[in-house]
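In what follows, a structure is listed as structure tokens, so that the remarks can point back to it.
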Amino acid sequence: MIEALQFEFMRNALFAGLFASLICGVIGTFVVVNRLVFLTGGIAHAAYGGIGAALFFGIPYIFGTLGFSLGAALIMTAVTMKTPERSDTFIGVLWAVGMAIGVILIDLTPGYNVDLMSYLFGSILAVPAGDIWWMTGMGAVTLAVTIYFYRDMIAISYDVEFARLRGVPVDILYFLFMALVAVSIVFIIRVVGLILVIALLSIPPYIAEKYAKSLGAMMVIAVILSAVFNIAGLWVAYMLDLTSGASIILVAAAGFFISLAIDLLISRRRKRAAARSRTENSPACGCGL
Amino acid sequence: MDEPVITAEEVFFSYDGVPVIENASFSVAEREFLAIIGPNGSGKSTLVKLMLGLLRPDSGKIRVFGEPPRKISHCFGYVPQDVAINRSFPISVIDVVLMGRLRYRGSSRIRDRDREAAAASLEQMGMAGYENRKIDDLSGGQRERVFIARALTTDPDILILDEPTASVDTGGQAELYSLLQELNRTKTIIIVSHDLMVMSSSVTAVACVNRQVYYHDQGEITQDMLDMGYQCPVELIAHGQPHRILKTHEDES
């Protein structure tokens with residue numbers, strides 16, 4: 001691994017992975033505790049429409065994807081607030097519509113043939129240095145907003161009605177956080193692909209939640225886990241000459257299933273301990289054994 | 001006569017076209033100890049959310065201290081139902097209570113004096129020493145105390161508790177009622193329950209809810225109120241004195 005770092009593309013891949021970890025750990029915590037994984041998936045997929053639009057209209061790629069993902073985020077958030085019971089259907093529809101628009105617009109653009117795979121799994125080994133600066137900036141903004149609104153974020157996520165009674169501008173902050181999610185996704189997709197984004201947004205916070213005593217601790221643990229998955233995944237990809245994005249996802253997934261297995265063991269041990277203390281303490285038998 | 005703190009005039013509310021509250025008119029006096037009772041699904045929680053301004057009536061008017069409830073929502077200390085809270089959320093007891101100091105007197109930051117106030121409320125609820133425990137590791141009764149501490153931290157004029165005794169044992173209920181009685185000296189208290197056991201001599205008014213609201217500014221349940229749609233709960237039959245159930249219960253203890 002160390003000798004691999006003499007290559008600039010490897011160093012860039014490592015930095016990109018670490019910044020993606022920082023953003024995903026913080027944003028992903030918000031996404032997971034608010035049960036927004038599906039909505040976030042919808043935003044990421046709808047952003048594909050932006051790639052098509054950017055090619056078709058000849059505008060820079062970043063404006064197309066930002067436009068589509070922000071638009072999708074705002075509409076989906078509004079619908080989720082208005083009718084929470086059926087919002088998943090609506091999100092599913094926008095998800096598909098965004099991708100379909102992307103495919104059709106690419107069809108209609110002469111001479112272009114965009115590789116869907118690189119959009120899905122990204123190309124972390126081909127990250128240009130300029131993108132790393134974008135991600136650094138995005139990471140700084142994400143951290144600043146989260147730290148400034150930390151208490152409000154807790155209140156909105158934990159008990160939104162109470163937050164409303166306290167005069168917290170719930171709707172505005174909700175849109176702000178979702179816009180942050182949308183913008184983060186766009187920058188990270190460019191680097192690691194949308195499937196890796198969803199994996200990094202959901203798996204590390206899910207594991208972290210079980211061991212964290214506060215939202216902040218959950219974010220820190222999620223960032224660390226995410227960084228570990230990234231580095232380990234890159235290392236596996238380098239050693240075995242595999243696709244890096246998919247390797248990182250499988251390493252993260254392995255972490256996910258190991259954490260489930262540990263949960264199972266712990267709960268079994270607790271049950272057994274409880275059963276043992278019951279038999280030890282119960283005087284019901286009295287046969288002297 | 002004191003000015004009423006809450007007034008409702010011909011309030012209607014429906015969810016997706018299904019009427020939940022119909023033609024509710026009543027007024028809650030200052031330092032009233034109001035019990036809102038009614039069977040499950042009768043609209044009790046909806047009525048509370050209308051008073052809090054979390055829901056808007058389809059028609060009719062609700063005023064709190066003469067203002068629309070949304071404008072003075074900070075006057076309320078609200079203890080929601082335990083089941084309404086996001087479970088498995090990683091949050092410590094102290095962070096839950098500090099939510100009560102959000103935007104306190106316009107300040108958007110949590111300061112040392114907010115932490116002191118939060119610790120004092122926990123102390124008052126007998127939960128000192130639990131500050132750094134994860135809320136999910138507490139028992140239902142302990143969680144309830146933390147939510148009440150959070151409501152008290154807001155220094156409310158009106159304290160609203162939605163089914164606070166659902167997860168509290170009988171001893172805990174008695175304790176809770178003596179605490180509420182104490183708080184009632186300075187605050188208006190509104191308590192929601194589908195369980196008539198909650199009532200005590202401290203209750204000064206009863207609202208029976210079954211889509212319509214029957215308001216009685218006396219702290220006891222009469223046969224009339226039960227006839228108006230309340231399904232006779234087990235406790236009433238057990239005590240055998242449906243007209244004076246509350247008094248009976250008090251005398252026993």
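The values are calculated or read from the model by the stated rules, or taken from the named source; none is laboratory data. These figures come from a predicted structure and were not determined experimentally. No Cβ is skipped: glycine too gets one built from the backbone with ideal geometry, and neighbour counts run over all protein chains shown.
Name the pairs whose Cβ atoms lie under 8 Å apart, with the first residue in the stretch B:165-191 and aromatic (Phe, Trp, Tyr), the second not in a helix (DSSP H, G or I), and 6 or more positions between them or separate chains?
Pairs found: B:177/B:200; B:177/B:202.
Considering the stretch B:59-95 alone, what residues qualify as being surrounded by 15 or more Cβ atoms within 10 Å (Cβ to Cβ), more than 7 Å from chain A (Cβ to nearest Cβ), of a type outside the set (Gly, Ala, Ser) and not in a helix (DSSP H, G or I)?
Those that are surrounded by 15 or more Cβ atoms within 10 Å (Cβ to Cβ), more than 7 Å from chain A (Cβ to nearest Cβ), of a type outside the set (Gly, Ala, Ser) and not in a helix (DSSP H, G or I): B:62, B:63, B:64, B:65, B:79, B:81.
Looking only at the stretch A:139-154, decide whether some residue is buried (at least 21 other Cβ atoms within 10 Å of the Cβ), within 14 Å of chain B (Cβ to nearest Cβ), more than 30 Å from residue A:14 (Cβ to Cβ) and in contact (Cβ under 8 Å) with a residue 60 or more places away in the chain.
Yes, some residue in the stretch A:139-154 is buried (at least 21 other Cβ atoms within 10 Å of the Cβ), within 14 Å of chain B (Cβ to nearest Cβ), more than 30 Å from residue A:14 (Cβ to Cβ) and in contact (Cβ under 8 Å) with a residue 60 or more places away in the chain.
Given the structure, is residue A:130 in a loop (DSSP other than H, G, I, E, B) and not hydrophobic (A, V, I, L, M, F, W, C)?
no
Only one of these conditions is not met by residue A:122: (1) more than 14 Å from chain B (Cβ to nearest Cβ); (2) surrounded by fewer than 18 Cβ atoms within 10 Å (Cβ to Cβ); (3) under 19 Å from the mean Cα position of the chain (by Cα); (4) not basic (Lys, Arg). Which number is it?
Condition (2) is where residue A:122 drops out.
Against the definition (among the charged types (D, E, K, R), within 25 Å of residue B:169 (Cα to Cα), crowded, with 23+ Cβ neighbours inside 10 Å and touching a helix residue (DSSP H, G or I) at 6+ places or on another chain (Cβ under 7 Å)), how does residue B:131 come out, yes or no?
Taking the combined requirement at face value, the residue does not satisfy it.
Can you find, within the stretch B:29-58, the residue that is nearest to residue B:214 (Cα to Cα) among those that are within 10 Å of chain A (Cβ to nearest Cβ) and without any contact (Cβ under 8 Å) to a residue 40 or more places away in the chain?
Selected residue: B:49.
Those residues that are outside any helix (DSSP H, G or I), closer than 23 Å to residue A:211 by Cα and within 13 Å of chain A (Cβ to nearest Cβ), I need them from the stretch B:137-157; list them, please.
Across the stretch B:137-157, the qualifying residue is only B:138.
Table: residues versus (1) touching a strand residue (DSSP E or B) at 6+ places or on another chain (Cβ under 6 Å); (2) among the polar types (S, T, N, Q); (3) modelled with pLDDT under 95.
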site	(1), (2), (3)
A:161	no, no, yes
A:165	yes, no, yes
A:182	no, no, yes
A:188	no, no, yes
A:193	no, no, yes
A:209	no, no, yes
A:224	no, no, no
A:230	no, yes, yes
A:233	no, no, yes
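Can you tell me which residue is surrounded by the most Cβ atoms within 10 Å (Cβ to Cβ) among those in the stretch B:96-109 that are more than 7 Å from every other protein chain (Cβ to nearest Cβ) and modelled with pLDDT under 85?
B:104
When the residues of the stretch A:71-86 are narrowed to those that are surrounded by fewer than 19 Cβ atoms within 10 Å (Cβ to Cβ) and under 20 Å from the mean Cα position of the chain (by Cα), which ends up nearest to residue A:175 (Cα to Cα)?
Per the stated criteria, the residue is A:74.
Only one of these is of a type outside the set (Asp, Glu) and either over 20 Å from the mean Cα position of the chain (by Cα) or over 18 Å from residue A:159 (Cβ atoms) (or both): B:113, B:101. Name it.
B:113 is the lone residue from the list that is of a type outside the set (Asp, Glu) and either over 20 Å from the mean Cα position of the chain (by Cα) or over 18 Å from residue A:159 (Cβ atoms) (or both).
Which ones in the stretch A:26-64 are buried (at least 24 other Cβ atoms within 10 Å of the Cβ), under 26 Å from residue A:217 (Cβ atoms) and small (Gly, Ala, Ser)?
Within the stretch A:26-64, just A:28 meets the criteria.
Condition check: over 27 Å from residue A:4 (Cβ atoms) and either touching a residue at least 12 places away in the same chain (Cβ under 8 Å) or of a type in the set (Gly, Ala, Ser) (or both). Does residue A:215 satisfy that?
yes
Looking at the structure I just gave you, is residue B:118 more than 8 Å from chain A (Cβ to nearest Cβ) and assigned to a loop (DSSP other than H, G, I, E, B)?
No.
Look through the stretch A:213-240, keep the residues that are within 14 Å of another protein chain (Cβ to nearest Cβ) and more than 18 Å from the chain's Cα centre (by Cα), and return whichever of them is nearest to residue A:193 (Cα to Cα).
It comes out as A:214.
May I ask you to say which residue of B:88, B:73 is on the phi < 0 side of the Ramachandran plot and without any contact (Cβ under 8 Å) to a residue 60 or more places away in the chain?
Just a single option satisfies the conditions, and that option is B:73.
Condition check: of a type in the set (Val, Ile, Thr), within 14 Å of chain B (Cβ to nearest Cβ) and not in a helix (DSSP H, G or I). Does residue A:168 satisfy that?
So residue A:168 passes the test.
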